[in-house]
Structure formats: structure tokens, C-alpha cells
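What follows is a set of notes on a single structure, which appears directly below.
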Amino acid sequence: MKNLILAVAAFSILAACKNESEKKDNATAEEMAKDQVVNVYTHRHYEPDQNIFKMFEEKTGIKVKVINASADELIQKMKMEGKQSPADVLITVDAGRLSRAKDEGLLQSVESEVLENAIPSYLRDVDNQWFGLTKRARIIAYAKDRVNPEDLSTYEDLVNEKWEGKILVRSSSNIYNQSLMASIIANNGEEEAKRWAEGIVANMARSPKGSDRDQVKAVVAGEGDLAFVNSYYIGKMLNSPDAEEVKTAQQIGLFFPNQEGRGTHVNVSGAGVAKYAPNKENAIRFIEFLISEEAQQIFTDANYEYPIIESVAPVKDIKAWGAFKEDTLGLNKLGANNKKAVLIFDEAGWK
Amino acid sequence: MRQGGNKNKAFSLKTRLKRLKRDSNRWSVFTLAIVLFLALPIVFIGVELFSGPGETWGHIVEYLLPDYIWNSLYLVFFCSILVLVLGVSSAWFVSRFDFLFRKQMEWLLILPLAIPSYIVGYAYAGIFDYGGSMDLIFRQLNLDFVRIDIMNRAGLAFVLSISLFPYVYVSARAFFLNQANNLLEASKMLGVGEAKTFFKLMLPLARPAIVAGLVLVLMEVLNDYGAAKYYGVNTFTTGIFRSWFSLEEPQTAVYLSALLILIIFALILFEKWQVRKVKFTSAKSNSTQIQRKEPKGAIKWGIFSVVLLPILLGFILPVAQLIYWAILTASTVFDFRFIVLSLQSFGIAITSAIITVFFALLLIYFSKWSALRFIKNVARVGVLGYAIPGAVIAIGIMIPTLALDKWLIKMLGNFGIDSGLIINGTLIALFYAYAVRFLAVAYNPIDSTALKVDNSIPDSSKVLGVGNLKTFFKIEFPLIKTGVFSAVILVFIDVMKELPLTLILKPYHVDTLAVKAFEYASDEMVMEASIPSLFIIFTAMIPVIFLNKLLIKK
């Protein structure tokens with residue numbers, strides 16, 4: 001039996017080492033033809049992304065090497081690696097983190113007509129250090145049987161006492177809530193934003209916990225009537241392998257706030273070229289590919305995000321919700337106000 | 001009078017210095033070198049302490065800190081109780097009695113450890129959720145389902161206890177299996193009853209081993225991030241992440257980590273203090289095993305259920321939920337790459353387990369062979385890494401290794417060699433990080449078994465002129481084998497499910513199952529995370545079963 005353990009151990013160490021040596025082979029290949037690689041640090045942990053990367057490899061012959069971690073950790077890693085950082089592209093799931101990376105001096109401006117023409121200016125950095133890839137809207141899911149959608153109007157109106165004990169929302173440590181708050185600070189000022197946070201806390205049905213999907217489930221379970229949710233999670237729930245989850249998602253109505261005014265808060269998943277990118281040209285080609293029609297089609301079809309380019313229509317589940325007016329606040333503001341947003345959350349007691 | 005006292009003090013200081021010179025030997029130097037090597041990342045974090053917290057510290061103290069302290073204390077208190085009850089009772093029953101499926105249950109009791117706690121958290125949420133498994137079952141039976149809300153502080157204490165109690169189980173059982181027989185027989189001869197023997201004799205004697213396990217549990221409880229975040233409970237660790245990433249103040253995060261280290265240090269001192277009061281050594285470590293009793297009737301079933309309960313709650317229920325999810329998602333997620341991935345994770349985990357246990361042995365024995373008594377306490381600094389969140393350790397690792405890398409690049413540059421990072425982004429950095437992080441997991445079970453070995457045996461061997469190393473391999477190692485095997489299993493399992501360190505430090509193209517599970521779970525694809533999670537569990541089962549056989553073999 002001991003031998004068996006040893007054999008398995010040896011075999012698996014070999015498996016691990018094999019990968020190491022493969023890595024070395026790549027490194028030598030890298031030296032011979034430096035333009036054949038693009039190193040991607042990404043927070044997008046989505047399976048469909050792998051397919052997009054594969055398409056890019058087939059099309060260009062440039063190999064995509066991926067490090068997956070949360071954006072915060074990736075930014076920390078790039079900071080510490082400094083000039084030696086192998087990162088070419090940083091991808092995050094929100095604009096706030098990208099502007100933080102920019103502020104830390106981790107990204108560089110790039111000139112690309114393709115990107116500038118395709119992406120509306122409010123969805124990319126003013127210095128073209130980062131670009132939106134897909135859009136998500138922060139919307140309200142409501143209980144169809146208990147809420148008349150005509151009673152809903154704006155994010156600001158949710159502090160109205162008629163919603164007391166009815167609002168479900170996740171923790172303020174979540175970046176989507178922080179970005180929403182940052183947009184409210186940018187639009188209404190800090191004072192108003194703080195009053196808003198306090199009003200929401202007063203109207204909460206329960207102490208914040210769980211994920212966006214859990215808030216939607218809690219609406220259907222009757223714990224509250226309204227839930228803050230990211231649009232693409234509803235898309236995912238509607239297509240969930242779990243029949244119960246599909247049923248749950250079908251039972252709620254969706255409302256896009258602030259349609260009469262500035263529009264619904266949107267955030268992007270986006271990408272920027274790293275300051276010390278060893279393969280800058282490849283990095284730009286890679287990001288350009290991510291906003292091509294074929295890539296955008298996969299983003300929306302498989303991950304239920306809104307495409308960033310107009311020529312691709314959203315997948316049918318999302319399309320069914322209709323077009324809506326977006327808040328065109330420059331997303332740079334989200335990063336600039338992020339820390340203020342967190343401080344206000346704490347002061348208001350939004351856990 | 002007072003003067004005299006001063007004189008005495010001065011005298012003793014001088015004597016102490018003299019003794020220091022007299023007693024220090026090469027083992028003292030080796031110990032210090034190893035401690036320094038392993039504590040380096042912790043030291044780098046500690047140094048940051050002196051630059052003070054960031055500007056939001058006042059804000060944190062005012063709005064958040066009371067909550068962090070209160071919730072962390074709550075978890076420490078309730079997890080301690082639950083873990084002790086579950087861990088000690090099951091360890092005692094499987095060591096003392098023989099009953100149906102005892103052999104299988106002996107290793108099943110270790111397996112709850114193999115499921116990352118945050119996955120157990122998700123699984124329980126899935127069981128009690130609206131539209132969750134319980135809901136469905138009740139609907140099938142046409143019963144009204146009273147929803148149990150598990151996503152709160154009490155629920156978190158339950159989830160963490162149920163997934164971490166095996167630390168106590170493993171160390172308590174190692175004690176009962178190897179130490180208890182003589183005492184039991186003596187107690188039996190004196191006509192003392194079963195219950196009294198356990199509470200008056202076995203429990204006090206097993207205390208060092210039990211507390212060693214408990215300290216590991218509490219370190220992990222304080223360090224938990226995923227489950228606490230999902231359940232909406234703000235603890236020190238969620239606070240560390242909040243101040244680091246949301247408030248954008250790494251210094252404040254480090255400051256909070258340092259406070260956490262202080263708490264852990266207090267726990268370790270407490271353990272030391274209470275072990276000091278119990279001195280018990282046995283020369284014949286695993287010479288005789290307990291003669292198990294075979295209970296009859298109701299008692300038999302009672303014992304059976306008491307042992308089954310933690311297995312049911314910590315393993316069978318969450319795994320059943322994961323299997324249900326795996327069936328739902330198999331068509332989209334399952335991939336044969338998972339088998340390769342399992343082998344890779346296995347290889348990384350077993351290698352790091354061996355490296356970490358090796359370092360633990362070096363520390364324990366070098367400090368023992370060093371005649372300086374305080375060295376033993378210095379050695380303990382090495383185990384603090386377990387209490388620090390992995391992401392923070394990763395920074396502590398990157399500071400020195402990057403500096404070394406940059407120096408190497410510069411040196412090689414002089415020779416016209418253009419090299420990239422040599423240590424960072426390779427398995428070397430990862431293995432180093434695991435050793436720093438999991439040293440405590442290896443150190444505690446070995447140390448508590450090593451404590452039981454009567455010094456007179458190795459001493460007489462040395463008197464006969466046999467060297468330290470030879471004595472160790474010929475005499476001491478066989479006596480502490482059980483502790484060493486337990487340590488290997490525990491570190492192996494911990495590395496299998498380790499996440500934050502792996503994410504930050506892993507090389508390209510090296511993936512682990514835990515990373516795969518996290519990729520899904522972090523995007524609310526909890527169901528999809530079930531398949532890689534199940535692979536972690538099954539891969540972890542292999543060494544648990546095999547090493548367990550080695551453990552109980554005479």
C-alpha cells in the first residue's frame with residue numbers, strides 16, 4: 001500500500017512538474033517570438049471567456065496566458081511586481097477598480113481607433129487607459145403580486161417610508177453597491193448620498209447578506225418586496241440548470257430606475273493595457289478583439305451582459321426587458337468616489 | 001532591602017548572560033535560522049505595524065471595530081463549545097468502543113475538513129433556502145416547510161464548527177489510541193466506572209492534545225473569509241479585506257492583521273500555560289492499543305448515533321447537496337480536465353505537506369536539542385502564519401521574494417542574461433508560502449505527541465554516545481509516527497482547499513481544484529462550483545484512508 005501511495009504521489013508530482021516545464025518551453029518560445037503571447041490578469045471567472053480567448057488564439061496565433069483572481073488581488077500583485085510584471089492586460093468586472101489601477105499608475109494610455117470609435121466616451125477612461133467591454137445595469141427586482149410597478153420611480157424614492165421593511169440588498173462590501181453609491185455621490189452630492197444610505201438601511205427587510213441571487217430568492221420567499229440586483233444575474237437565473245431557480249426568476253418583475261431623469265446606473269466589465277506590458281501590441285489587439293462582434297455576441301449570449309457595441313443585439317432574455325435609458329455619468333467618477341462611498345456606508349450602518 | 005533586590009537582579013542578569021553563552025549550541029543557531037526563514041513574511045507584516053494604521057483608523061474604530069470584536073468573540077466562544085463536544089465525544093467513542101461501521105466512521109470523521117468551509121456554507125444555504133432541497137422535500141411530502149434561516153451569526157458558528165471539528169477529533173483520538181490503555185486498565189482494576197474514568201481521568205490527561213486541536217480550529221475560525229462574507233457576519237478578517245480593498249488602505253489592513261495576531265498569540269500562551277499544568281509522559285507510546293468494548297442494546301445505538309451525527313452534518317448532508325448540484329450542472333461543467341487537475345492538486349498538496357512537516361520536525365527537534373529554554377518559545381513564532389489571512393501572507397511572501405528576484409535579475413543582468421522573475425510565479429514561491437501558512441497545522445499534532453515521549457529514552461541513547469540525528473530516526477521518530485502522519489494528512493487537506501495564497505502566487509497554467517471551485521462560486525455560480533468541490537473531497541479521501549490505515553496499524 002505504501003508503494004501505491006508513493007506511485008500516485010510521484011505521478012502527480014510529475015504532472016505538476018510537467019506543467020512547469022511546459023511553462024519553461026513557453027518561455028523560450030517567448031524569447032524567440034515575443035509577439036506570440038499575451039498575459040492576461042482577469043477577474044472575469046466565466047467559462048465563455050475561455051472560448052473567446054481560444055478564438056483569439058486561433059485567429060491571431062497569439063497565445064493567451066491567464067491569471068485568474070479578484071481584481072483587488074491582481075492590482076496588488078501588479079503593484080508589487082512593478083516593472084517586472086508579466087501582465088499585459090488587466091480585466092475587471094467594474095469600472096471602479098480600473099480607475100484605481102489607473103491611479104496607482106498600473107495602466108497606460110493606448111491609441112486605438114477601433115476602441116475609440118466603438119465605445120461611447122462615458123464607458124471608457126478619459127485618457128484611454130481602460131475600456132468598457134460589457135455593460136450591466138443595477139436594477140430593482142420586485143414581487144409582482146405585492147408591488148405595483150407604477151409606485152416605483154427612482155433609486156432616491158426607495159427611502160420613502162412606504163418601503164419600510166421591504167428592501168433587500170446585499171452587503172456594502174460588494175463592489176456593485178459601492179459603484180451605485182459612488183454614482184449617487186457624483187449625481188447628488190455627499191450629504192444627499194448619506195441621507196439616502198440611512199433611508200435604505202431604515203427600510204431594509206433584513207440585515208444584508210448573501211449574493212444578488214439570494215436577494216431575488218428572498219423576494220419570492222416573501223421576506224421583502226424589492227431587491228437590488230445586477231441585470232446579468234437575472235439572465236443567469238432564467239437559464240439556471242436548477243428548475244427552482246428558473247421558476248423564481250420568472251416570478252419577479254424588473255424595474256429600471258430613474259428613467260425619467262438621469263437614467264439607470266450602469267457599470268462595465270472592462271480592460272486596460274498594463275503600464276509595463278511586455279507585449280503591448282498584442283494587448284491592444286486582444287482588447288480590440290474583445291469588442292469585436294463575434295466576441296461581444298458570446299458575452300451576451302452566454303453571460304447575459306449588455307454588449308458595449310451597438311451593432312450586436314443583447315441576447316433574447318435581456319432584449320425582452322426592452323431598451324432603457326442609461327446614466328451617462330463618466331465611469332471615472334465611480335473610482336474617484338469609491339472610498340467615500342464605503343465610508344458613508346459605514347456611517348449609515350449599511351453592513 | 002531594596003538595594004539587595006537590585007543587586008540580586010544584576011547578579012541574575014549576569015548569570016543569565018553566562019548561561020546563554022554556555023547553553024547555546026549549533027541547534028540553537030539552526031532553530032533561529034529556520035524560524036527566521038519561516039517567520040520572514042510575518043516579520044515583514046509586523047514591521048508595517050510601526051508605520052501605524054491609515055487615516056481611516058478612527059473611522060474603523062468608531063463604526064466597525066466593536067462589531068468585529070463582538071462577532072469574532074461570539075464565533076470563538078460558540079465554535080469552541082461545539083467543536084469540543086463533537087470532536088472529543090466522537091474521538092472517545094471510536095477509540096473506546098467497537099460498533100457497527102466503526103472502522104469506516106473513523107476516517108469519515110476526518111473528511112468534513114476536506115470541504116472548504118465556504119462551500120459548506122453555500123451547501124447549507126442551498127439546503128435551507130427558498131426553493132432549496134428541504135423546501136423541495138417538504139413540498140413532495142405535502143408538508144408546510146418552516147424555513148430555517150441559517151445565514152446569520154449562529155448559522156456561521158454552526159457551519160464553521162461542523163467543518164472544523166476534525167482538528168480536535170484527530171488530535172484527541174491520537175492521544176486516546178496511544179496513551180489510554182494502561183490508564184484504562186488501572187482505572188478498571190480500581191473499579192472506577194466508565195463515565196467517571198472518562199471525565200476524571202482521560203479528559204484531563206487528553207487536555208493538551210485537545211487544546212492543540214482547538215487552537216487550530218480557532219485560528220481557522222478567525223481567519224475565515226468566504227463563509228463569513230456570504231453569511232453577512234463582519235469579523236476581523238472581513239474587516240481586513242474591507243480596509244485593504246474597499247477603503248484602499250493596506251496599512252490599516254496590516255494593522256488589523258497585527259491585532260488578530262495578538263489575539264492568536266494570547267490563545268497560544270493560554271495553551272502553553274494550561275499544558276504546563278499537565279505533565280504526563282509515556283515511554284511506551286504505541287506499544288499497546290486500547291481494548292475496545294462492545295456495548296449492547298440501547299447504549300450501542302446511542303453511541304452509534306453520537307458518532308454518526310457529526311459525520312451526517314459535516315460530511316453526508318453537504319456532500320449530498322453538492323452531488324445534487326453536480327447532477328444538475330454536469331452537462332455544462334464536467335470535463336476530463338478535472339482528472340488531470342486532480343492529479344496536479346494532489347501532487348502540489350502532498351509535496352507541500354511533506355515540506356511543511358519536515359520544517360515542523362526541524363523546528364521541534366532543533367529547539368529541543370538546543371539547551372536554551374527560550375528557544376522553544378521563539379520556535380512558536382513560526383506557527384503564527386496560520387492565523388493570518390492567506391492574502392495578507394501572500395504580500396508578506398512577495399516582499400522578500402521579489403526583492404531577491406530583483407537582485408537576481410540585476411546580478412544576472414551584469415552577465416548579460418535577461419531573466420524574468422525566478423522565484424515569483426513559480427512553484428517554489430508557492431511551496432514556501434504553504435509552509436509559512438500551514439506550519440501550525442503540522443507543528444501542533446507533532447508537538448503534542450512529542451511531548452508524550454519520555455525524555456529518558458532519547459537521553460539514555462545519547463548517554464550511550466549515539467548522536468541526536470541517529471537517536472531521532474531510530475527511537476523518537478517511531479514513537480511520534482502517529483503525530484507525523486496526522487500532520488501530513490491535515491496539511492495535505494488544507495493545501496488542497498487553500499485559496500487566496502494560491503490565487504496570488506500560483507504559476508500560469510498551474511491550476512488547482514480549489515481555484516476552479518472559486519472561479520465559479522465567486523460569480524454566484526454556486527451550483528457549478530459543486531463538481532470541482534467534489535473532486536477536492538474525493539482526492540482528499542485517498543490519503544485520508546491510506547494514512548489512517550497506517551495510523552491504526554500497530
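Read-outs throughout are calculated quantities, based only on the coordinates presented, and are distinct from any laboratory measurement. Only a predicted model underlies this, so the values are computations on that prediction, with no experimental measurement involved. Cβ: placed from backbone, ideal geometry, glycine included. Neighbour counts: every protein chain shown.
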Assigned charges on the beta-carbon of Lys, Arg, Asp, Glu; region B:336-462 dipole about Cα centre (debye) = 200 debye
note = Note: probe point = Cα of B:A266 + 7 Å toward Cβ; backbone nitrogen < 19 Å; residues of region B:63-86 passing the test are B:64-81
When each of B:K452/B:K481; A:K63/B:K497; A:K166/A:K217; A:K166/A:K209; A:K63/A:K102; A:K144/A:K316 is checked by Cα-Cα distance, pairs over 19 Å = A:K63/B:K497; A:K63/A:K102; A:K144/A:K316
key: Alpha carbon convex hull of region B:109-251, projected area averaged over orientations, nm²   = 12.8 nm²
message = With equal scatterers on the alpha carbons only and no solvent term, can you work out the Debye log10 of I(q)/I(0) for region A:222-351 at 0.13, 0.14 1/Å?
response = -0.78, -0.89
key: Equivalent ellipsoid, chain A (semi-axes from 5 times Cα gyration tensor eigenvalues, Å)   = 38, 24, 20
inquiry  = Using the Cα centre of chain B as origin and beta-carbon charges of +1 (Lys, Arg) and -1 (Asp, Glu), tell me which of B:A114, B:V453, B:T502 is placed farthest towards the positive end of the dipole.
reply    = B:V453
request  = For chain B, report the translational diffusion coefficient in µm²/s to the nearest whole number, using Stokes-Einstein at 25 °C, 0.890 mPa s, and a Kirkwood Rh over Cα pairs.
outcome  = 98 µm²/s
task = Taking the Cβ of each residue in A:E310, A:E198 as the centre, tally the other Cβ atoms inside 10 Å and list the residues starting with the fewest.
result = A:E310, A:E198
query = DSSP loop chymotrypsin sites (Phe, Trp or Tyr not before Pro) in region B:412-501 with at most 13 other Cβ atoms within 10 Å of their Cβ, which ones?
reply = B:F415
remark   = Residue span B:K300 to B:I354: 0.36 nm per residue of separation minus Cα-Cα distance leaves a gain in nm of 15.5 nm
Residues A:H43, A:H265, B:H59, sorted so that the one with the fewest Cβ neighbours within 10 Å comes first = B:H59, A:H43, A:H265
remark   = In vacuo Debye sum over C-alpha of the protein assembly as shown, base-10 log of normalised intensity I(q)/I(0) at q = 0.04, 0.07, 0.09, 0.10 Å⁻¹, listed in q order, is -0.19, -0.60, -0.97, -1.18
request  = Let me know the shape class of region B:69-155, please: from the alpha-carbon gyration tensor, a ≥ b ≥ c as square roots of the eigenvalues, rounded when a/c is under 1.5, otherwise prolate if a/b is greater than b/c, or oblate.
outcome  = oblate
key: Theoretical gain in end-to-end length, B:A186 to B:A33 [0.36 nm per residue, Cα-Cα removed]   = 50.6 nm
message = Under 8 Å for C-alpha pairs, at least 6 residues apart: give me the relative contact order for chain A, rounded to a whole percent.
response = 27 percent
query = So if R0 is 30 Å, what FRET efficiency would A:K247 and B:D335 give, r being the distance between their Cβ atoms, rounded to the nearest 0.05?
reply = 0.60
note = For the protein assembly as shown, percent of DSSP beta bridges that are antiparallel (nearest 5) comes out at 60 percent
inquiry  = I need two numbers for region A:114-252: Rg to one decimal and Dmax as a whole number, Cα atoms only, in Å.
reply    = 16.5, 48
message = Can you sort B:K196, A:K65, B:K293 from fewest to most other Cβ atoms within 10 Å of each residue's own Cβ?
response = B:K196, B:K293, A:K65
